[in-house]
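To keep things clear, I will list the structure first and then write my remarks on it.
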């Protein structure tokens, strides 16, 4: 085992590689038919979850194989590995897909403890046409043009006294009849012969070859008014000025840290449970501890998100009961906050939407009343859990009992692998040690998870509060 494709993100795990993993673990096809159904469905979210689970299972098997090869552990694992592997794989199969983390972050499996995560950033690779090499697209260019020969230049800022403004446009040559000069409501254009005219402009010239421009206003523009020029350059005679993009792939070193937990039970209790209740104590405890480890991971991620989300007072929602219409109608108005938060994410980064909402108890009660909320089938939940969806299933609403009851966070997961706000670097989702039967008639077992968390783009997170809510 230990194939190089194990650390590939689920999005790039091709059908050929999926087949290789399944062929190397032939028993999985019969044992986990639901996993195969998810791989073959037309739902991208379910397919991604199946691939992530499949890779986690393979990483787990690889990890155990490595332990088996250790001379110091060979005797123990020779006796126990045959029973241990199926059980651990079953735990991973149950534990991994049910993580709330799957809804929140990008999960990148690692094939060793000291590994790397992928971060993708599209940047401009050269300085040209109003952009600078190294600038990340979307967030650094504000005029919305990327593959364009139109350039928006800030010529000057008025001080309330000056009437004449001059400068040099770049790149050149300038296409004739393409120049527009603006200062508030004043607008002038070139006539194709080198002159700039318009109401409120007394004189203006443009040299199409050098880019030299001068504009004189009849009245000085108001103080702090931006004076801008929009024009088109001749790219055929300025090929080096064509904007160039590079998909920058960074590899960030990370170390998976251990999260261990030990369980203990008496032989007497195990015998009694088996005799009277037909209950497998080791199996029951292992599954219970697995749920605790899963919950801890989710809460760790959520705390990171809440602490790094940008607080915005415009997202604060006053839930005071109205006097002239129903409280349910009032609570539905929080949907406006969702729209505003999405707009703020897009304003900050030039891209993004809303993938999920995290909410404390009071916030969850209110989000349930938004138009289009579809509840999830939740029975006796433990820890953070998905209570439903909004916007035709595209926005997950997750209730977090450990959050401040009056806080909520909206977030965008990211477009592609490496673009996510947060990355969960997974090495071993869940490892269970062999059971140790002590001479004192107590039994012991250890479970451990190893992973790292990387905060990549916190501006994808926005935070608001709930006030004056009463049940």
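Laid out as a table, the results:
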| quantity | calculated |
| --- | --- |
| Within region 150-167, tally of residues that are under 42 Å from the mean Cα position of the chain (by Cα) and more than 16 Å from residue 240 (Cα to Cα) | 7 |
| Given (1) under 15 Å from residue 450 (Cα atoms); (2) in a helix (DSSP H, G or I), index of the condition residue 254 fails | (2) |
| Residue within region 422-435 that is in the same structural domain as residue 349 (by TED's automatic domain parsing), in a strand (DSSP E or B) and surrounded by fewer than 18 Cβ atoms within 10 Å (Cβ to Cβ) present | no |
| Residues (surrounded by 15 or more Cβ atoms within 10 Å (Cβ to Cβ) and closer than 16 Å to residue 156 by Cα) located in region 207-225 | 211, 212, 213, 214, 215, 216, 217, 220, 221, 225 |
| Tally, over region 420-464, of residues that are within 20 Å of the chain's Cα centre (by Cα) and farther than 17 Å from residue 254 by Cα | 7 |
| Candidates 425, 421, filtered to the one that is in contact with a strand residue (DSSP E or B) (Cβ under 9 Å, 6 or more places away or on another chain), touching a residue at least 40 places away in the same chain (Cβ under 8 Å) and more than 25 Å from residue 287 (Cα to Cα) | 421 |
| In region 423-444, the residues that are more than 12 Å from residue 262 (Cα to Cα) and touching a helix residue (DSSP H, G or I) at 6+ places or on another chain (Cβ under 6 Å) | 424, 428, 429, 430, 441 |
| Helices (runs of 4 or more DSSP H) fully within region 290-400 counting 2 or more residues that are in the same structural domain as residue 410 (by TED's automatic domain parsing), in contact with a helix residue (DSSP H, G or I) (Cβ under 6 Å, 6 or more places away or on another chain) and under 18 Å from residue 460 (Cα atoms) | 335-349 |
| Residue 268 being part of a helix (DSSP H, G or I), touching a residue at least 60 places away in the same chain (Cβ under 8 Å) and out of contact with any helix residue (DSSP H, G or I) (no Cβ under 9 Å at 6 or more places or on another chain) | yes |
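Per-residue answers, yes or no, for (1) modelled with pLDDT of 95 or more; (2) loosely packed, with under 14 Cβ neighbours inside 10 Å:
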{"residue": "119", "(1), (2)": "no, no"}
{"residue": "125", "(1), (2)": "no, no"}
{"residue": "142", "(1), (2)": "no, yes"}
{"residue": "150", "(1), (2)": "no, no"}
{"residue": "153", "(1), (2)": "no, no"}
{"residue": "172", "(1), (2)": "no, no"}
{"residue": "180", "(1), (2)": "yes, no"}
{"residue": "185", "(1), (2)": "no, yes"}
{"residue": "205", "(1), (2)": "yes, no"}
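The values are calculated or read from the model by the stated rules, or taken from the named source; none is laboratory data. Small disclaimer: the values here were computed from a predicted structure and weren't measured. All Cβ positions, glycine included, derive from the backbone under ideal geometry; neighbour counts span all protein chains shown.
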